[in-house]
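The numbers here are math on the coordinates, done by the rules we state, and not lab data. All figures in this text were calculated on a predicted structure; none of them were measured in a lab. No Cβ is skipped: glycine too gets one built from the backbone with ideal geometry, and neighbour counts run over all protein chains shown.
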Amino acid sequence: MYRPSIFITGASRGIGLAIARKFYEEDFEVAICSRNPENLDAAREEMPGLHTFVCDISDKTDVKICAAKVRDLFGSLDVLVNNGGTFLPGKLHEEPDEVFERLMATNLNSAYYFTKVLLPPMIARGRGTIFNICSVASIKAYANGGSYGVSKYALLGFSKNLREELKPHHIRVVSVLPGAVITDSWASSGLPEERFIPPEDIASLVWNAYSLSPRTVVEDIVVRPALGDI
Ligand SMILES: NC(=O)c1ccc[n+]([C@@H]2O[C@H](COP(=O)([O-])OP(=O)(O)OC[C@H]3O[C@@H](n4cnc5c(N)ncnc54)[C@H](OP(=O)(O)O)[C@@H]3O)[C@@H](O)[C@H]2O)c1
């Protein structure tokens, strides 16, 4: 029997892992990537049959190699989730060039290169859904947003332009814009868990948007902690 497939970048922890768990429960073939092999091993132990790839998504060559392996594994994906990203607070006029370069490579370029390798079989089949995990920082500027904010505004631009391009090919592109989600990114915040969105809620939103009729696309999902932004 045909089992649909999903690939999620940067998914050994946090939001990506929650999405992997949700689609695994729904009997998808699930593949993920990240850098640390131990976290990938732990995810495979939890979800037998999970496909894992060690990849530094900030490295273009690594991304192209990993994407080609995913394409060889599944052919045409049903779902691609450009989730992998990293957060470093800072100010554009103070931060070293390397912060800008690292955040753009990890948060934007990775989505661009993964998509370019994985898209042709989806176009050939004429179906598929691509989720880009943006942020409320894609639509709201913060004084300490620095290059993170720049990368997330750009990722939303990527997502919107890609949607227009892919409409004739029946591929849906969904931008997800979460506020603060309780993951390792917030480990040192000292704020109570109640102040954050649980990652499982993002996974449910992604699943619900995917599950709608292929005639419908949820274009932008903006979701915040009920008590507001942090
Ligand atoms: N948490 C939030 O409040 C929040 C809000 C809005 C948007 N987002 C976005 O949601 C996405 C996921 O965030 P998260 O909070 O779930 O992150 P997280 O808990 O810090 O987890 C990040 C995941 O990405 C992987 N990763 C990080 N850098 C990588 C790299 N260079 N190459 C490959 N894998 C890498 C990590 O594994 P390794 O370290 O082993 O590589 C880990 O599996 C990001 O794009 C983030 O910007 C998060």
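Restricting attention to the stretch 206-217, which residues are assigned to a helix (DSSP H, G or I) and either surrounded by fewer than 19 Cβ atoms within 10 Å (Cβ to Cβ) or in contact with a helix residue (DSSP H, G or I) (Cβ under 7 Å, 6 or more places away or on another chain) (or both)? Within the stretch 206-217, VAL206, TRP207, ASN208, ALA209, SER211 qualify. Selection of first residues in the stretch 36-63 that are more than 13 Å from the ligand (Cβ to nearest atom) and of second residues that are in a loop (DSSP other than H, G, I, E, B), restricted to Cβ pairs under 8 Å at least 6 apart or on distinct chains, gives the following pairs, ordered by first then second residue: ARG44/LEU50. Out of all the residues in the stretch 184-192, is one or more more than 11 Å from the ligand (Cβ to nearest atom), surrounded by 14 or more Cβ atoms within 10 Å (Cβ to Cβ) and either not in a helix (DSSP H, G or I) or not basic (Lys, Arg) (or both)? Among the residues of the stretch 184-192, not one is more than 11 Å from the ligand (Cβ to nearest atom), surrounded by 14 or more Cβ atoms within 10 Å (Cβ to Cβ) and either not in a helix (DSSP H, G or I) or not basic (Lys, Arg) (or both), which makes the answer no. Scanning the stretch 112-150 for residues that are among the hydrophobic types (A, V, I, L, M, F, W, C), free of Cβ contacts under 8 Å to residues at least 60 places away in the same chain and either in contact with a strand residue (DSSP E or B) (Cβ under 8 Å, 6 or more places away or on another chain) or buried (at least 17 other Cβ atoms within 10 Å of the Cβ) (or both) yields VAL117, LEU119, MET122, ILE123, ILE130, CYS134, ALA137, VAL150.
In the stretch 64-86, of all residues being surrounded by 19 or more Cβ atoms within 10 Å (Cβ to Cβ) and part of a loop (DSSP other than H, G, I, E, B), the one that is nearest to the ligand (Cβ to nearest atom) corresponds to GLY85.
Just one residue in the set PHE53, PHE100 is of a type outside the set (Gly, Ala, Ser) and either closer than 15 Å to SER151 by Cβ or in a loop (DSSP other than H, G, I, E, B) (or both); that residue is PHE100.
In this structure, does ARG3 turn out to be of a type in the set (D, E, K, R), touching a residue at least 24 places away in the same chain (Cβ under 8 Å) and in contact with a Phe, Trp or Tyr (Cβ under 7 Å, 6 or more places away or on another chain)? Yes, satisfied. Given the criteria within 14 Å of the ligand (Cβ to nearest atom), closer than 23 Å to MET104 by Cα, in contact (Cβ under 8 Å) with a residue 60 or more places away in the chain and touching a Gly at 6+ places or on another chain (Cβ under 8 Å), does VAL222 qualify? Considered against the rule, which asks whether it is within 14 Å of the ligand (Cβ to nearest atom), closer than 23 Å to MET104 by Cα, in contact (Cβ under 8 Å) with a residue 60 or more places away in the chain and touching a Gly at 6+ places or on another chain (Cβ under 8 Å), VAL222 comes out as no.
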